[in-house]
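Below you'll find the structure, written out as structure tokens, and then a few comments.
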Amino acid sequence: NGGFGSELSTLFKPSETPSGHASGGQKTRSARLLMELGQMYDLQDNLTKAMFYYQSALDVATRTKDEKAKGQALYHLGMIYHHQSRNGEAEEALIEAHDIHSRIGNDQGVADALGGLGHVYVAQSKYTEAEKALMNAYKRHSRIGGILGAANALSGLGRIYQARSMYQEAEKAFMEAYNMHSRIGDDLGAAHALGGLGGIYQAQSKHGEAEEVLLEAHEIHFRIGNLLGAANALNGLGENYRLQSKYGEAEKALMEAREIYSRISNLLGAANALRGLGAIYRAQSKYGEAEKAFMEAHEIDSRIGNQRGAANALYGLGDVYMAQSKYGEAEKALMEAHEIHSRISNLLGAANALVNLGQIYLAQSKYGEAEKALMEAHEIHSRIGDHLGVSNALIGLGRTYRAQSRNREAEKTFNDVCKILPLVDNHLTSGNTFLCLGMLHQDQCRYDEAEVSYRQALAAYDRADDADSKSRTLLTLGELYHAQYRYVEAEEAVAEALGVCISLGNEERQARAYLVLARIFKSQSKHAEGMAALIQAEAVISRTKDYTTHSETLHRLGDIHAEQGMYAEAEEYYRHAQAIRSSMEDAHGEALTLLDLGILYVRQGRHGEAEECFAQARCAFAIVADEDGEAKALDKLMGVYFLQDKFGDAKVACMEACEMYAQRGQPMSKMCERVWERLQEHGCFSES
């Protein structure tokens, strides 16, 4: 969190300043004054000037051999490096500060250095080392009666437990820190502890509790005149509202936070607020505004040297591009984010970038690359003890296996996530897992199990107060009912999903709901209603620039016009859908459109054009390793060869298809059987 990082110097400043009685007289006082000037600029987030004065204090202390002042100057420099994501240098400075204070017997300095090291290790996702350092800091502060230092160490421990999804331990640490700060009248520390509690409640989808403590934190910061803290609390509130799909309230809170950051010239906070706004716009499919916010945040973070923030902005940009099927741009942004996180040793950020890279590869049917990225992410999350990250990586792997029809591996992977869920205690992740399991069961026509899983997902999303995910699940449930010919229930589920999407302003999913409704109407031969639903879908899609859904809508419009014998209009829709899918490099989608276009040509007796479509579809299916699709294309191809009396070509295609079915342990298709029989009648297999 950028705002939290900018306040570390306030929270963890040494409780002592260099004494004027140390050797060096006037020079020692100069070191102390230089350090106080550094602290002044530090509190104003002017890190360049703060570093200059801390370095000057270090130079004076080194010349005068004032070890205590030297240790404290190194501590401050270490924290500045930490703010700039220069964590290697931060670790080096803080270790030296720790060694100096240990050597001269300054327990306070040792405890402060340990606290700083703890936060550096957290930034590097070295949670074991971080926990050890902060626990030692807590014990030392407690032993010397440093309540403030002990409370700050507890807040640091709370953040470690949060990163490991150990929410009960995290809540206990933040509550204890809050009580200690309150006991000594430290309103600032109490407000920070409340902010930590808000994050814990958010992670557990306890949005009511999160809002309550964040509002209290905001009130305290505002009362004591700490504008930075007030802005940070507003940032937290904005995120809390976003997670509940309350986008209006979220945007208002973040815009107010951004205004405060700008007023106090806090660029770090302004960038943080912009990233939050980008996430809100992305959730509403406002891709232009989302891209602008993330780009502006990236520019600010890069300018002030906040590498972690810059990487997070790139991560957000990747997500925006992925939502628009701009896979090349998405991959570039996420690769850069991964590289930055890796360079600054932020393992958590690097692993999260890998998970999203896996999703990009999966969307392009690049299953090998997807599996590799997700396996690497899983290994990192496991190593740092991040149960939530492990779950997300496994969900991605399960989806990758499912896309390849590796159903046994997919089901095992999703079940592995179910075993972790009690450790994660995250309703959103539970919902995602049950949704994926339901879709896998539906693929295998295990409809009863699928419905149970979807109901479990809906219950989890209700607990998470996540209306967006609930609408997605209702859509999928509607498709399940459709597959079972339960048309009334299907229409009801999709209509409910559509209502939620409209209330949230989620145009992307509105379009998807209209598409599903169109298919349901089509199955009931309600052509007028189906056409109306598709027209509604296209109207919405034209505003969202969602090319994936746009191509699907055009394909469906082609289907309806073909069924009504309107072949010219159907061909136009199919060709438009094919062009979009080709420009997106969506080989699988293009192959599906080519199949239906070929069938349209067969109906019109345009066999040469049909042959070309089926041949292209077969190649596209082969590229993405979809054997089912390739077999279907071969079936159509052998049929159109036979219709043109190309018996030799038909025989070759038929033999290839037979070999394919045999290798997969499947019986021949009806088309293959019929063409085989007709070829035999024509003597194509005689004497062979």
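The values are calculated or read from the model by the stated rules, or taken from the named source; none is laboratory data. The structure displayed is predicted, hence computed values, not measured ones. As a convention, Cβ positions derive from the backbone with ideal geometry for all residues, glycine included, and neighbour counts pool all protein chains shown. These accessible areas exclude ligands, DNA and RNA; they are computed on the full protein's heavy atoms, side chains included. Shrake-Rupley method; radii C 1.70, N 1.55, O 1.52, S 1.80 Å.
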The chain: relative contact order as a whole-number percent, Cα under 8 Å and 6+ apart: 6 percent
Principal-axis tilt of helix 467-483 within the chain, Cα atoms, nearest 10 degrees: 20 degrees
Accessible heavy-atom area order of 342, 525, highest first, probe of 1.4 Å: 525, 342
Residue 655-residue 572 FRET efficiency (beta carbon distance; Förster radius 30 Å; 0.05 resolution): 0.25
Length gained when the stretch residue 664-residue 332 is fully extended (0.36 nm per residue, less Cα-Cα span): 115.8 nm
Dipole of the chain [Lys/Arg +1, Asp/Glu -1 at C-beta], most positive-end residue of 660, 323, 161: 161
Dipole magnitude of the chain about its Cα centre (Cβ charges: Lys, Arg +1; Asp, Glu -1), debye to nearest 20: 1820 debye
Spin-label pair residue 447/residue 583, simplified geometry with 7 Å Cα→Cβ offset, distance in nm: 3.9 nm
In Å², nearest 10: area of residue 427 left accessible to a 1.4 Å probe: 40 Å²
Test item: Cα-centred dipole of the stretch 173-239, Lys/Arg +1 and Asp/Glu -1 on Cβ, debye: 100 debye
Point-to-point label distance, residue 259-residue 144, nm (Cα→Cβ direction, 7 Å offset): 4.4 nm
Spatial separation of Cα centroids for the stretch 301-364 and the stretch 633-667, in angstrom: 45 Å
Using a Förster distance of 22 Å, the FRET efficiency for residue 627-residue 375 (Cβ separation, nearest 0.05): 0.40
Charge dipole of the stretch 487-581 about the Cα centre (unit charges at C-beta), most positive-ward option of 577, 516, 566: 577
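Per-residue ellipticity at 222 nm for the chain, helices alone: DSSP H runs ≥ 4 residues times -39500 (n - 2.57), over residue total, nearest 500 deg cm²/dmol? Each step should come with its number before you reach the end.
On the way: 35 runs with 573 residues, N = 688.
Roughly -27500 deg cm²/dmol at 222 nm, from the helical runs in the chain.
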Accessible surface ranking that places the most exposed of 275, 183 first, with a 1.4 angstrom probe: 183, 275
Heavy-atom accessible area order for 395, 502, 304, largest first, 1.4 Å probe: 502, 304, 395
At 0.890 mPa s and 25 °C, Stokes diffusion of the chain via Kirkwood alpha-carbon radius, µm² per second: 87 µm²/s
Signed unit charges on C-beta, dipole axis of the chain, positive-most listed residue 450, 105, 615: 105
Cα long-axis angle, helix 287-304 against the chain (0 to 90 degrees, to the nearest 10): 30 degrees
About the Cα centre, charge dipole magnitude for the stretch 564-688 (Lys/Arg +1, Asp/Glu -1 at Cβ), debye: 240 debye
Too-long pairs where the Cα-Cα distance tops 27 Å, listed order kept, from 292/545; 292/372; 292/332; 646/670; 332/412: 292/372; 332/412
Solvent accessible area, Å² - residue 531, 1.4 Å probe, full protein context: 40 Å²
Label point distance in nm, residue 678-residue 645, each placed 7 Å from Cα along Cα→Cβ: 1.4 nm
Whether the stretch 158-295 is rounded, prolate or oblate, judged on the alpha carbon gyration tensor where a/c under 1.5 counts as rounded: oblate
In Å², nearest 10: area of residue 619 left accessible to a 1.4 Å probe: 80 Å²
Degrees, to the nearest 10: 26-43 long Cα axis against longest axis of the chain: 30 degrees
Extension gain from residue 488 to residue 535, taking 0.36 nm per residue of separation minus the Cα-Cα distance: 14.7 nm
Calculated FRET efficiency for the pair residue 503/residue 418, C-beta based, R₀ 41 Å, to 0.05: 0.85
